[in-house]
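For reference, the structure discussed in these notes is given below.
The values are calculated or read from the model by the stated rules, or taken from the named source; none is laboratory data. Note that the structure is a prediction, hence the values are computed from the model and not measured. Heads up, the Cβs are rebuilt from the backbone with ideal geometry, glycines too, and the neighbour counts pull from every protein chain shown.
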Amino acid sequence: MTENTAQPLTEHLIELRQRLLWVVGAMIVGTAVCFGFVEQIYSFLVAPLAAAMGEGDSQRLIYTGLTEAFFTYLKVAFFAGIFLTFPILLVQIWGFIAPGLYDNERKAFLPFMVATPILFFAGGAVVYYVVLPMAWPFFLSFQTNAEQTALPIQLEARVSEYLDLIMTLIFAFGLCFQLPVALTLMGKAGLISADWLASKRKYAVILTFIVAAFITPPDVISQILLAVPILGLYELSIILIRHAAKQKSKSPVSTPS
């Protein structure tokens, strides 16, 4: 451990407050910066729907309240600002907990801090590049013209509802992709074991598809596209916990410095 680890509780609380202020300040600045590019961010988020709709003047998003578009842009900027400043949050978390760790614990914990944003962004990429291009054509297929039905059925989606759905999906997938980090840390702490996870595999499959059914749009393709990566990450967690257990059994017991 470092020499200045034994600090009074008040000093830890003051440090925590300062780090939280840095995170909040960074998010505010990030949101302000992203608001300056909010139209480009909006265009990026609606591109999958635009591609599924195809060309045509009737393809559009609407808003029904005077302030709806403004507050939707504000939410988009805040959403993008969190993404932009997410590494700062992790750096502040690491700076707060690292002094209380042994050197070997720091080396073991640091890869998880690096993997967290990578897996989060990977989850968001799966939503944007895989799930949405397959889900939107399915939902748009329910549109009809006057020849098919007495009155045509056309999509008039609200911009706030669409963007809320996109941001919810990206955050949900990003959090679900943290499964290896959470399970491997629990394995290192001795709360679970690889054999226990393997024995609960059938329950994990059922639970995964239930969670996917709630998170994704109500079509089977989207549920499978979320469930399959989560199950793959579950198996990866078992491998990582077994590897960590082998490394722990080989390494000598460390003592405080």
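Could you tell me which residue of segment 54-78 is nearest to the chain's Cα centre (by Cα), considering only residues that are within 14 Å of residue 162 (Cα to Cα) and among the aliphatic types (A, V, I, L, M)?
Narrowing segment 54-78 to residues within 14 Å of residue 162 (Cα to Cα): 59-64, 68-69, 71-73, 75-76.
If we keep only those that are among the aliphatic types (A, V, I, L, M) as well, we get 61-62, 69, 76.
Details: 61: 25, 62: 27, 69: 25, 76: 15 Å.
Among those residues, the one meeting the criterion is 76.
Can you pull out the residues in segment 201-229 that are surrounded by 12 or more Cβ atoms within 10 Å (Cβ to Cβ), outside any helix (DSSP H, G or I) and out of contact with any Leu (no Cβ under 9 Å at 6 or more places or on another chain)?
219
Is at least one residue of segment 55-74 in a helix (DSSP H, G or I), surrounded by 18 or more Cβ atoms within 10 Å (Cβ to Cβ) and hydrophobic (A, V, I, L, M, F, W, C)?
So far as segment 55-74 goes, no, none of its residues is in a helix (DSSP H, G or I), surrounded by 18 or more Cβ atoms within 10 Å (Cβ to Cβ) and hydrophobic (A, V, I, L, M, F, W, C).
Exactly one of (1) surrounded by 12 or more Cβ atoms within 10 Å (Cβ to Cβ); (2) under 26 Å from residue 180 (Cβ atoms) is unmet by residue 20. Its number?
In the conditions (1) surrounded by 12 or more Cβ atoms within 10 Å (Cβ to Cβ); (2) under 26 Å from residue 180 (Cβ atoms), residue 20 misses (2) alone.
Could we say that residue 96 is among the aromatic types (Phe, Trp, Tyr), surrounded by 14 or more Cβ atoms within 10 Å (Cβ to Cβ), more than 22 Å from the chain's Cα centre (by Cα) and more than 30 Å from residue 54 (Cβ to Cβ) here? Step through it out loud before you land on a result.
Working: among the aromatic types (Phe, Trp, Tyr): yes; surrounded by 14 or more Cβ atoms within 10 Å (Cβ to Cβ): yes; more than 22 Å from the chain's Cα centre (by Cα): yes; more than 30 Å from residue 54 (Cβ to Cβ): yes.
Yes.
What residue, of 123, 100, 36, is more than 21 Å from residue 175 (Cα to Cα) and modelled with pLDDT under 90?
Details: 123 fails: more than 21 Å from residue 175 (Cα to Cα); 36 fails: modelled with pLDDT under 90.
None of the other options fit; the residue is 100.
Identify all residues within segment 135-167 that are of a type in the set (Val, Ile, Thr) and modelled with pLDDT under 85; write none if there are none.
Here is the first cut: in segment 135-167, the residues of a type in the set (Val, Ile, Thr) are 144, 149, 153, 159, 166.
Within segment 135-167, 144, 149, 153 meet the criteria.
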